[in-house]
Each structure stands twice: as C-alpha cells, then as structure tokens.
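Report on one structure; see the data block that follows.
Readers should treat all values here as calculations from the given coordinates under stated rules, not as data from a laboratory. Remember, predicted model here, so these are calculated numbers, not experimental data. In this analysis, Cβ positions are derived from the backbone assuming ideal geometry, glycine residues included, and neighbour counts consider all displayed protein chains.
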Amino acid sequence: GRNDWDYTRNGPSTWVERFPMAAGSRQSPVNIETDRAESDHEALSNKPLRWKYPASASKKLVNPGYCWRIDCDGDGTLLTGGPLMDDIYKLEQYHCHWGCSDSRGSEHTVDGQAFAGELHLVHWNTTKYRSFGEAAKAPDGLAVLGVFLKVGKTHEEMDKIARMLPYVSHRDEMIEIDDPIDPSKLLPVRGGRAGRCINPCMRWADRIIRPDNKCDFQDDNGYWTYLGSLTTPPCNESVTWVLFKKYIEVSHHQLNIFRNLRKFPRGGECPCHENHGVVINNFRPPLPLGNRVLRECGS
Ligand code: 1SD
Ligand code: ZN
C-alpha cells in the first residue's frame, strides 16, 4: 500500500520490516570510494556503453508522491554495451532524487560527498525478459543510469520538466508530454556512448577538474559500475548500476521547484507536521558495498 514506506516516519531504516529484500547484501545506493574502483578498461571499453533515446520516448510526467517521474515508451530506445555486454535494455522511466538543501539529495555518494540530486534512467533487459515486472525480479533484469546533479546554471532540458511540475503538484497527478523531452540531453556525456579509455592509466582520483567541470584530458566520459538494487521498496537486487563520473548542473531555482511537489493528493489532508507535505530528502542513505566489485571505465 501507499503508506507502507516513505522517507520520514516509515523511512529507510524501517523498510526491512515490510520489505525483507532491503536487508540483502546487494543493496543500493553505496558510497563510491574512488580509490577502490577497479580500472577494468579491457572488459568494459571493448564494447563502449551505448544509448539511443528519441525525444518522443518521454510520454507522461507523474507525481507518485515521492519524486517526479517520466514514464516512457521504450520502443526505439536502447542501452547496451559496457557492463551490459550484448544484452539490449529499453528505457522504462526516469525520475529524480533531491534534498531539502543543496548540500544533500543524491543517493550515491562519491568519497563520502553527496550531490544536490541524482537522476535515474531505469531500463529493463528486453533480450532476456518479456516485461519490466519480470525483469525487475531477475539479477540481470534492470540497468539504471545515474547522473549527479550539482547546483549551478539553469539546465535547459531539465527546465522543460521544471516548467511542467506545477501541473502535477499533488500526488497521483499526471500530464501527457507535448513539448518533447530528450533524455539524452539530461546526460553529462554526449554522442550516445561512454567509457572509451583513451588514457586508461588516468584514474578518477587523480583527475584534474577545471572549474567548468571539464577534465584536462580527452576521454571525459567515464563511469562507475557495480551490481545493486532498487533504492526504493521492495529493493529488488536486480540492478546493474552505471554512474556517470561527470555531473550535470541545475539551478537552485530548478531544485526549489522539485521541492515544491506534494506527498498528498489534491484536496487531501496536508501532513503539516512534516514540512507541509512537500517531497524533500527522497534519497536512501548509502549501504555497504561489502565484497562487491566496483569497476570504473574511462577517466
Ligand atoms: O526510486 C525508483 C522507484 O521510483 C521505481 O521507479 C523503481 C523502479 O520500479 O526504481 C527506483 S530506483 O532504484 O531507480 N531509485
Ligand atoms: Zn531512483
């Protein structure tokens, strides 16, 4: 049911009571210790990670009461290569996690540092499974692309979403998308591929980042990858996570628009004791990586 879990009273530390999978050893998110990442460029960069998302894939914008989400028509979309090898995954939906302030909000952290938000593009393996639901139960069923959000300049494509959010301000509201939103424009890497290692010796921990978020070497398109779970109940351990090393910028104002979404339906009762029922801090804190392998590809 609806109120089985949330990020306040029935928050992440209580999920395990109703969702036993949340206590598993392959949970997400995790803290990415950049020093611990294994540079696996042979295996990963032989087949670069590749994607294709027509702008027409974004169908409707939904407020499920705990984030905003864009539901997609996966036909014509594609994610393959890298850790996914030859399997073809299709885009199901994308959604976002954010904080109450700009200093927190991401689910994954990098060397202990949180970002202001994290965008997730959720895909399912159409080579092996017949539906999203079936794939969500399989260890290699889902692939989520994660993009860190940092506060800076206005993001044009994200602004199309921000401008529509007032129409879905309350839980269960939904609108059809007319002005196409191109998911590939929300990614920090352009050209539809990532992880080609031109300088495979360069580790992220040793990188030189200029103030404009561009690296001083060419292959500024790397990612980290590991095997994990959905970060929301039922926390199925079915996700191959791919996190871009490069972040995107969104403005403080854009994040404030996210922070204005409501957890309760229009006309419903506002839980005024909980920040007036706005959707904030909708992130699960990091869980132990344990003996899982964190791999990296690209700079
Ligand atoms: O948080 C989302 C959740 O909203 C739902 O979309 C689920 C997929 O069914 O995925 C999780 S997450 O792991 O991508 N955060
Ligand atoms: Zn998510």
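Return the sequence-ordered ³J(HN,Hα) values of the stretch 175-181 in whole Hz as given by the Karplus equation 6.51 cos²θ - 1.76 cosθ + 1.60 applied to θ = phi - 60°, using x for Gly and Pro.
So the J values, rounded to whole Hz, are 9, 6, 9, 9, 7, x, 10.
If one computes P(r) from the Cα atoms of the chain, what percent of pairs lie at distances over 38 Å?
In whole percent, the share of Cα-Cα pairs in the chain beyond 38 Å is 7.
Tell me, what HN-Hα J-couplings in whole Hz come from the Karplus equation 6.51 cos²θ - 1.76 cosθ + 1.60 at θ = phi - 60° for each residue of the stretch 130-145, using x for Gly and Pro?
Listing the rounded values in order: 9, 8, 4, x, 5, 5, 5, 9, 9, x, 10, x, 10, 9, 10, 8 Hz.
For residue 59, give me every one of the lysines with a C-alpha distance below 17 angstrom, ignoring sequence neighbours fewer than eight places off in its own chain.
Cross-link targets: 90, 160, 185.
Bins of 10 Å, beginning at zero and ending with the bin holding the largest distance: percent of Cα pairs per bin for the stretch 1-151, please.
For the stretch 1-151, the pair-distance distribution reads 10, 30, 42, 18, 1.
Report the net charge of residues surrounding residue 240, where surrounding means a beta-carbon distance below 10 angstrom and charges are Lys +1, Arg +1, Asp -1, Glu -1.
Once all neighbours under 10 Å are counted, the net charge is -2.
Once you order the gyration tensor axes a ≥ b ≥ c over the Cα atoms, which shape class does the stretch 80-144 get: rounded for a/c under 1.5, otherwise prolate or oblate by comparing a/b with b/c?
It comes out prolate by the Cα gyration axes.
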